[in-house]
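Data first, discussion second: the structure below is written as structure tokens.
The values are calculated or read from the model by the stated rules, or taken from the named source; none is laboratory data. The structure displayed is predicted, hence computed values, not measured ones. Glycine gets a Cβ as well: all are built from the backbone with ideal geometry, and neighbour counts include every protein chain shown. The protein model used for the area step is the full one, side chains on, heavy atoms only, and it has no ligands, DNA or RNA in it. Shrake-Rupley method; radii C 1.70, N 1.55, O 1.52, S 1.80 Å.
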Amino acid sequence: MGMTMSQKILAAHAGLASVKAGQLIDAELDMVLGNDITSPVAVKEFEKAGFTCIQCPARVSMVMDHFTPNKDIKAAEQVKTVRNFANKYGVENFFDVGRMGIEHALLPEQGLVGAGDLVIGADSHTCTYGALGAFSTGVGSTDMAAGMMSNRCWFKVPAAIKFVLKNKPAKNICGKDIILHIIGLIGVDGALYKSMEFVGDGVRYLSIDDRFTICNMAIEAGAKNGIFPVDDVTRAYLEGRFKREIRAFEADPDAEYERTIEVDLSALKPTVAFPHLPENTRTPEAWGEVKIDQVVIGSCTNGHISDLRIAADILRGKHVAKGVRCIIIPATNTIWKQAMHEGLFDVFIDAGAVVSTPTCGPCLGGHMGILAAGERAVATTNRNFVGRMGHVDSEVYLASPYVAAASAVAGKLATPDEI
């Protein structure tokens, strides 16, 4: 029996001719990632275990993105712990204020992850890098510590589900609608510890940012990872950016999949996940009247330049509804600068929105947009669990930048055609 894309990457990094679902392997890593929440725990475990060196400092990245700029004393102490550790052990890829970005947008942008890589990160949305044809997955902080020490990690080889994406997406449909539709279809445990492999003629219509968004939310279906094949879109993104050799792995014709699911992209409608699970999806005819208090456009899911351009196109010449707070968060400093030079900030500010420095901020209820009791937010983020963005009696509606920007203008859940 042949192997899937994910299985081929795992086999190559384990030095094996082949692997199969359920097999336990020990594999070499291309990158180990942590942030300002998970890295301090990994540092503690690293020191408690008596480790005295990092096996390969160039293959460790620490990104201070969740609570930065530091929101309080505890956040400042966490970052100080990581900063001291990075200085002590020569971690080259330490990112702090002034050299900033949300980790899952920053690492691809900086060329630190790419096609054929095997990546672990002490953050569940590390699965984002599958957009580039990498096997990337979230782990715990103890695994991060062991990965820094050995540059290796244990894996159980996952089974896979094939998603065949067909046709060109309809108007105002992007990667967020696609992945929300899929999660609504299979549920938050529909791909539990499995690879979600995306193929089909519809893939060629998806930008690299669409693919980042789709793989980012594979974890919201319970998946071990999400992955796209390496094509011309991938190579164009990696060219002149990726610091290692591009390794493209294709699934064998006889690769085994537990399920094959076809998705007609041309038939999709704007899709929103209602509280309090990403699987609770609805299309416009089932939305009803949902008044809102806040809109957040950004995060590792939808803080890319294409997302900001979508929002600006909708907000241009319009104004955010009275009583609605609209917060725009570019995912990296590079995206921030690009948006500024393109004049997008003028559009946002003239429309009554605010623009933040890159940060995870409100996505996890950290800062820069916490909700009070009874408040509702439309957000381009990836989770809408109870209390995710603030008070336990608040609500988060997950949406595309098209819907988020339109909702900011309408003061309620809306599509661009409604404003």
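Long-range amide H contacts for Gly200: which residues qualify at under 5 Å (H placed 1.01 Å from N, peptide plane, sequence gap of 5 or more or a different chain)?
For Gly200, the qualifying residues are Leu165.
At 0.36 nm per residue, minus the direct Cα-Cα distance, what do Asp417 and Glu285 gain on full extension? Give it in nm, one decimal, please.
Roughly 46.2 nm would be gained on extension.
Peptides 42-48, 74-80, 154-160: what's the order by average Cβ count within 10 Å, highest mean first?
154-160, 42-48, 74-80
What does the accessible area per residue of the chain come to in Å², with a 1.4 Å probe and no ligands, DNA or RNA counted? Each step should come with its number before you reach the end.
Values: 15530 Å² over 419 residues.
Result: 37 Å² of accessible area for each residue.
Take each of the peptides 234-246, 321-333, average the number of other beta-carbon atoms within 10 Å over its residues, and list them starting from the highest.
The packing order, highest mean first, is 321-333, 234-246.
Which percent, nearest 5, of DSSP beta bridges in the chain are antiparallel?
Of all bridge pairs located within the chain, approximately 20 percent are antiparallel.
Measure off, as a whole percent, the carbon and sulfur share of the 1.4 Å-probe accessible area of the chain, all protein chains present.
Percent of accessible area from carbon and sulfur atoms in the chain: 50.
Which of the peptides 265-272, 20-27 is most tightly packed, and how do the rest follow, judged by the mean count of other Cβ atoms within 10 Å per residue?
265-272, 20-27
Sequence gap at least 6, Cα distance under 8 Å: using those rules, report the relative contact order of the chain to the nearest whole percent.
Values: 1071 pairs, mean separation 72.3, N = 419.
About 17 percent, as a whole number.
Please list, in order along region 112-123, the HN-Hα scalar couplings obtained from phi with the Karplus expression 6.51 cos²θ - 1.76 cosθ + 1.60 (θ = phi - 60°), rounded to whole Hz, x for Gly and Pro.
Result, ordered by residue: 8, 9, x, 4, x, 6, 10, 10, 10, x, 7, 6 Hz.
For region 309-377 and region 44-91, what is the centre-to-centre distance using only Cα atoms, to the nearest Å?
Centre-to-centre (Cα) distance: 29 Å.
Just the ratio, please: alpha-carbon radius of gyration of region 40-114 over 2.2 N^0.38 Å, N its number of residues.
1.11
Can you pull the accessible area of Glu258 for me, 1.4 Å probe, Å² to the nearest 10?
Accessible area of Glu258: about 110 Å².
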